[in-house]
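Here the structure is laid out as structure tokens; the discussion comes afterwards.
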Amino acid sequence: MESFIGEIPSAFPSAELFYTGKRNTLRLFSTECGEVVVKKFKLPAFPWRWFLSPEKGYKARKAYFNALHLAAIGIDTPSPVGYLIEERGGRISSEYYINLRQDSKCVAEEIHPDGAVDLILCRAVASFLVSLHSKGVYYGDLTLANILFSKDGDSFSFGMVDTDRCVFMNPLPKWYCLRDLRRMTRDMEVHRIMVEYYASFRGWNPSRTLRQVNFLKFFHELRKKVHFASRKLRDTFLSK
């Protein structure tokens, strides 16, 4: 795949769009190894990008090696193919992460169908998260949109995407486990059910665990509001 990876920067703009968001863009490519998804990361704003090292990268390199580590400890993630870091003037100009396409459903799209919470899926996801944390994985970007699943009869299989923020510690301290749960979903009913299932599986007090996670969730949401308000104020000031 080396020659393909080298051609990504020129081919990326015209490839089939797979997903686009505020931060990153994913495009689909057909290769001799099958369909691959190429993710182009949005670099941080000036001047923060000047502190990024081309040797260490920003997110693509982390995503690649984290995916390899996850596979080694038995956590499913779309198979990593490689990464590419472009530099200009000794600084990073763009970053790409490449993995094989995996056709699985997204938990966020299936957890609350037809106005009713899927309790069986909630329970299975909570069990997966317990297994994840028990193996020393702090996701760092734990949202239901980043968890994929497939179902065979009554058996669920789960996998992870967006692996660049993972941190590995074994054993994983309880505070990290609670902190990881705070961003799962904005649907407070699903949030409550998931945290209570998770606590029960770990032998923790469900009500106390929910209060602790909600405390962390409150300050996370507050920090986001302050961040976006300050960004809006900055953009308004600069536009004048």
Residues of the stretch 113-170 classified as small (Gly, Ala, Ser) and in contact with a helix residue (DSSP H, G or I) (Cβ under 8 Å, 6 or more places away or on another chain), total: 4
Residue, nearest to the chain's Cα centre (by Cα), within the stretch 182-231, restricted to residues that are β-branched (Val, Ile, Thr) and closer than 29 Å to residue 115 by Cβ: 185
If you check residue 221 against the conditions, is it assigned to a helix (DSSP H, G or I), of a type in the set (Asp, Glu) and either modelled with pLDDT of 90 or more or in contact with a strand residue (DSSP E or B) (Cβ under 7 Å, 6 or more places away or on another chain) (or both)? no
All-but-one check, residue 131 against (1) hydroxyl-bearing (Ser, Thr, Tyr); (2) outside any strand (DSSP E or B); (3) crowded, with 16+ Cβ neighbours inside 10 Å, failing number (3)
Does any residue of the stretch 104-120 turn out to be under 22 Å from residue 2 (Cβ atoms) and in contact with a Pro (Cβ under 9 Å, 6 or more places away or on another chain)? no
Which of the residues belonging to the stretch 158-184 are in contact with a strand residue (DSSP E or B) (Cβ under 7 Å, 6 or more places away or on another chain) and either at positive phi or in a loop (DSSP other than H, G, I, E, B) (or both)? 161, 166, 169, 172
Please specify each residue of the stretch 134-157 satisfying the condition of being assigned to a loop (DSSP other than H, G, I, E, B) and not hydroxyl-bearing (Ser, Thr, Tyr). 135, 136, 140, 141, 142, 153, 154
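The values are calculated or read from the model by the stated rules, or taken from the named source; none is laboratory data. A quick note: this is a predicted structure, and the numbers were derived from the prediction, not measured. Virtual Cβ from ideal backbone geometry, glycine too; neighbours counted across all protein chains shown.
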